[in-house]
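My questions all concern the structure below.
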Amino acid sequence: MIVTLTGMGLSAAAGLNAYIPLLVVALVAKFTPVVTLPPEYAWVTSWWAIAVVTVLLVVEVVVDKVPAVDTVNDAVQTVIRPLSGGLTFAAMQGAEQLDQSAWMAEHSWVGILLGVVVALLVHSGKTAARPVANAGSAGVAAPVLSSVEDASALGLSLAALFAPVIVLLALLVLFGAVVYAWFSLARLRRRRRRRDGARGRFGGAPV
């Protein structure tokens, strides 16, 4: 149960920012006894991997705070964030300090798939929320939301490793926010269609 909560927490964090949970796992595994990754994922703690993830994180933190550019970044991250979620979940399945499920060990693909799905769901909510916020604030909300998302990804990653029980509550709140973002985007699109329809009727009316 604990390993599932840890994996889901890290995967959800990856849906907000692909690189924060990877970097947190790498640093915690390298410098503390809290997590020992299985041999096949030992490369995550190598200095070259940490350096690459750090550079990518810096780029992500910057571009995600620029209106319009953040939308392009979200499109690119549609592949990267779910892959990060699957990777972190898979790495946690083999961590020595976490409880092991015989069934999960025999069906490791389930954890990878679950990580991909969780990250993709969170990413979809983030992607839906950003256009709504940008449209309602003329882009001013982009850096604020991005900073909140980065802080949430960091907090969720740390909670997943050090207090996984908290992850359950965090996931409920996060998925509630995802559903709200979807409905908000749907309302925004309906308003735009109605507005465009009204403009079309007015433009085609005789003077």
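Taking the Cβ of each residue in MET8, MET92 as the centre, tally the other Cβ atoms inside 10 Å and list the residues starting with the fewest.
Lowest to highest Cβ neighbour count: MET8, MET92.
Express in nm, to one decimal, how much length is gained between VAL79 and ILE50 on full extension, taking 0.36 nm for each residue of separation and deducting their alpha carbon distance.
8.4 nm
Still on this structure, please answer the following. Which order do THR32, THR54 fall in if you start with the one that has the fewest other Cβ atoms within 10 Å?
If I rank by nearby Cβ atoms, fewest first, I get THR32, THR54.
Continuing with this model, one more query. Rg/Rh for region 13-72: what does it come to with C-alpha atoms and Rh from Kirkwood?
Reported Rg/Rh, Kirkwood definition of Rh: 1.07.
If a/c stays under 1.5 just call it rounded; otherwise compare a/b with b/c (prolate if a/b is bigger, oblate if not). Do that for region 123-162, with a ≥ b ≥ c from the square roots of the Cα gyration tensor eigenvalues.
It is oblate, given that a/c is not under 1.5 and a/b is not larger than b/c.
Ranking ARG190, ARG81 by Cβ neighbours within 10 Å, fewest first, what do you get?
Result, fewest neighbours first: ARG190, ARG81.
Any read-out appearing in this document is the output of simple, stated calculations on the displayed coordinates, not a laboratory observation. Here the structure is a predicted model, which means the values were calculated and not measured. All Cβ positions, glycine included, derive from the backbone under ideal geometry; neighbour counts span all protein chains shown.
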